[in-house]
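Student: One structure, pasted below without further comment.
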Amino acid sequence: MKKTKRRLETFSFYDRTGLESHLARMAEKGWLLEKIGQFFWTYRKIEPKTLTFSVTYFPEASQFDPGPSEEQEAFYDLCAHSGWQLAAASAQLQVFYNEGPDPVPIDTDPVLEVESIHRTMKKSLIPSHLAMLALAVFQVVMFVWRAAEAPIENLANPAVPLIALCWALVVALAGVELSSYFRWHKKAALAAEHGEFLATRSHRKLQIGALVFLGAGVAWFILSAAVSGSRMVFALTVVLFLVYIPGLFLVLWGVSGWLKRRRASAKTNQAVTLIALTVAAFALLGVITFGAIFGYDRGWWQADRGTDRPPLRVEDLLDPGYDGYEVSCSAEQSVLLGRIFVNQEPPISLIQEDYARYKEIPTMEYTVVLVKLPALYDLCKNALLHDSDQLYEDLPAEERRCYAPDDPAPWGAREAYRWTASDREFSIYLLCYPDRIVEINFDHDWKVTPEQMALVAERLGRGPL
């Protein structure tokens, strides 16, 4: 029979009454709290019994303390004389239990109890939550601004929406936690003056929902990286979730735990742990960057250089009589957008060998943006239509170039635009299909035929990419 159990507990730090009720129910089921971890709480198997729990707070304690202070030890002894046994403690949080039928409470003055909770919150959680909330709001605002300025580059990258989701969850959790606590404290202070302790509460459903939502986002991110066709993206994703993030947590817990065992002071522990964590973060990033460059130089990420056949090639449209093309093909997708970029041209070395031949060989490049969320369609279309506006805004009108409406029928598209100057038209097109936008740039001497337009519609305008 299993002797211990670990649970992810999602109670608010100040939710004294919620914790006490929960721990009493666990004891009735035969599980007694034994250890409070960073994420998981450990319970040990006991005979099911009715126990009374009391949660108290010690504002002067810190998670970097080498052990309980003399004042805490004296408090524990005093509680033991009254029948209250220490179940577990973590920094400022102390949990006691009593096997008596109607034990005398540890805290008997509601005013002092509310003050103790508030001093504990002001020392650590309120400042950290406010700082995290400010940072998260800033990050969300920056994400919205970047998405509006360059929606395709930001929203097609699976990491960017996931990171924005994480910051949005931080805003929701920190905002709800802080506002709920301040409302409780205001009411609790008034109730304490009348000799009552106002019950606390947690937002467990919100926290569990946020964890589930975040887990789904991480799963989607890993899946997107796996099917993106990019070995480098997939490798970096695996390293991020299996090496980088766990590695930083191991450094944090390892250094802090080692210093605690060495009986280092809380200030020394905190400073050394922070320095070690910073050094580890930069060191791991350096190793990952070096590994990516090292692998690229040795062709480990060969799929990123276009060895996979793209959906459309020059050979599908023409018979150029040239088989030495270099093809660059990259793809990425998020839950919002997908994007594939293909560039096909003769090798650069041909310029030195036979420049005239190099100029004669037709080239082609295109970008296909798959819009998974219809509300983003116009945003992406306008971003492509006006991507180069700033390059020409200071030039005379006759020198400016822009997309002008073109006949969409030959392309089988809903809308079509062609890159145009005042005196000429270029073989660069922007084509709008129901769920995607295609920007295709043909060689400048290429006269696109209706048959070629139809093939572009078949290969790029519909179907999977």
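Student: Rounded to the nearest 500, what is the chain's calculated 222 nm mean residue ellipticity when only DSSP H runs of at least 4 contribute -39500 (n - 2.57) each, over all residues?
Tutor: Mean residue ellipticity at 222 nm (helix-derived): -15500 deg cm²/dmol.
Student: At a 1.4 Å probe radius, carbon and sulfur cover how many percent of the accessible area of the chain?
Tutor: 60 percent
Student: Could you pull the Cα extents of the chain along its three principal axes, largest to smallest, in whole Å?
Tutor: 96, 47, 47
Student: Arrange the residues Met364, Met132 by how much accessible surface each exposes, largest first, with a 1.4 angstrom probe.
Tutor: These residues rank, largest area first, as Met132, Met364.
Student: Would you calculate the separation in nanometres between label points at Glu99 and Ala131, each defined as 7 Å from the Cα along the Cα-to-beta-carbon direction?
Tutor: 4.4 nm
Student: Protein chains only, probe 1.4 Å: how do Phe96, Phe64, Phe39 rank by accessible area, largest first?
Tutor: Final ranking, largest accessible area leading: Phe39, Phe64, Phe96.
Student: Looking at Val137, Val171, Ala188, which one has the Cα that reaches farthest to the positive end of the dipole of the range 118-191 (charges on Cβ: Lys, Arg +1; Asp, Glu -1)?
Tutor: Ranked along the dipole, the leading option is Ala188.
Student: Here's something else I'd like to know. Would you mind working out the accessible area per residue for the chain, using a 1.4 Å probe, and quoting it in Å²?
Tutor: 56 Å²
Student: With all protein chains present and a 1.4 Å probe, how do Glu115, Glu193 order by accessible area, largest first?
Tutor: Accessible-area ranking of Glu115, Glu193, largest first: Glu193, Glu115.
Student: Now, a different point. For the range 154-209, what D do you get in µm² per second when you plug the Kirkwood radius from alpha-carbon pairs into Stokes-Einstein at 20 °C and 1.002 mPa s?
Tutor: This corresponds to a translational diffusion coefficient of 157 µm²/s.
Student: Considering only Ala457, Ala416, Ser334, whose Cα is most displaced toward the positive end of the charge dipole of the chain, charges sitting on Cβ of Lys, Arg (+1) and Asp, Glu (-1)?
Tutor: Positive-most Cα among the choices belongs to Ser334.
Student: State which entries of Lys123/Lys267; Lys2/Lys29; Lys29/Lys260; Lys35/Lys260 exceed 22 angstrom in Cα-Cα distance in the structure shown.
Tutor: Lys29/Lys260
Student: Any idea what angle helix 204-227 forms with the longest principal axis of the chain, computed on alpha-carbon atoms, 0 to 90 degrees, nearest 10?
Tutor: Relative to the chain, helix 204-227 is tipped by roughly 30 degrees.
Student: Taking each pair of different alpha-carbon atoms in the range 1-60 once, compute 1/r for the pair, average those values, and report the inverse of that mean as the Kirkwood hydrodynamic radius in Å to one decimal.
Tutor: Evaluated on the range 1-60, it is 12.1 Å.
Student: Also: Please give the solvent-accessible surface of Val170 in Å², to the nearest 10, using a probe radius of 1.4 Å with every protein chain present.
Tutor: Around 40 Å² of this residue is reachable by solvent.
Student: On to the next question. With the Cα gyration tensor of the range 307-390 giving a ≥ b ≥ c as the square roots of its eigenvalues, does the rule (a/c under 1.5 for rounded; else a/b larger than b/c for prolate; else oblate) give rounded, prolate or oblate?
Tutor: It comes out prolate by the Cα gyration axes.
Student: Measure off 7 Å from each Cα along the Cα-to-Cβ vector at Lys49 and Val448, then give the distance between these two points in nanometres to one decimal.
Tutor: Result for the modelled spin labels: 8.1 nm.
Student: Moving to a separate point now. Might you work out the accessible area of Thr108 for me, using a 1.4 Å probe with all protein chains in place, and round it to the nearest 10 Å²?
Tutor: Probe radius 1.4 Å; accessible area of Thr108 about 110 Å².
Student: Let me ask something else. Which value, in debye to the nearest 20, gives the size of the charge dipole of the chain about its Cα centre, when Lys and Arg are +1 and Asp and Glu are -1 at the Cβ?
Tutor: 2440 debye
Student: What size of dipole, in debye to the nearest 20, comes out for the range 71-204 about its Cα centre when the only charges are +1 on Lys and Arg C-beta atoms and -1 on Asp and Glu C-beta atoms?
Tutor: About 700 debye.
Student: Roughly how much of His386 is accessible, in Å² to the nearest 10, using a 1.4 Å probe?
Tutor: Surface open to solvent at His386 totals about 100 Å².
The values are calculated or read from the model by the stated rules, or taken from the named source; none is laboratory data. None of the values given here were measured: they were computed from a predicted structure. Positions of Cβ are backbone-derived with ideal geometry, glycine not excepted, and every protein chain shown enters the neighbour counts. Accessible surface is based on the protein model in full, side chains and every heavy atom, while ligands, DNA and RNA are left aside. Shrake-Rupley method; radii C 1.70, N 1.55, O 1.52, S 1.80 Å.
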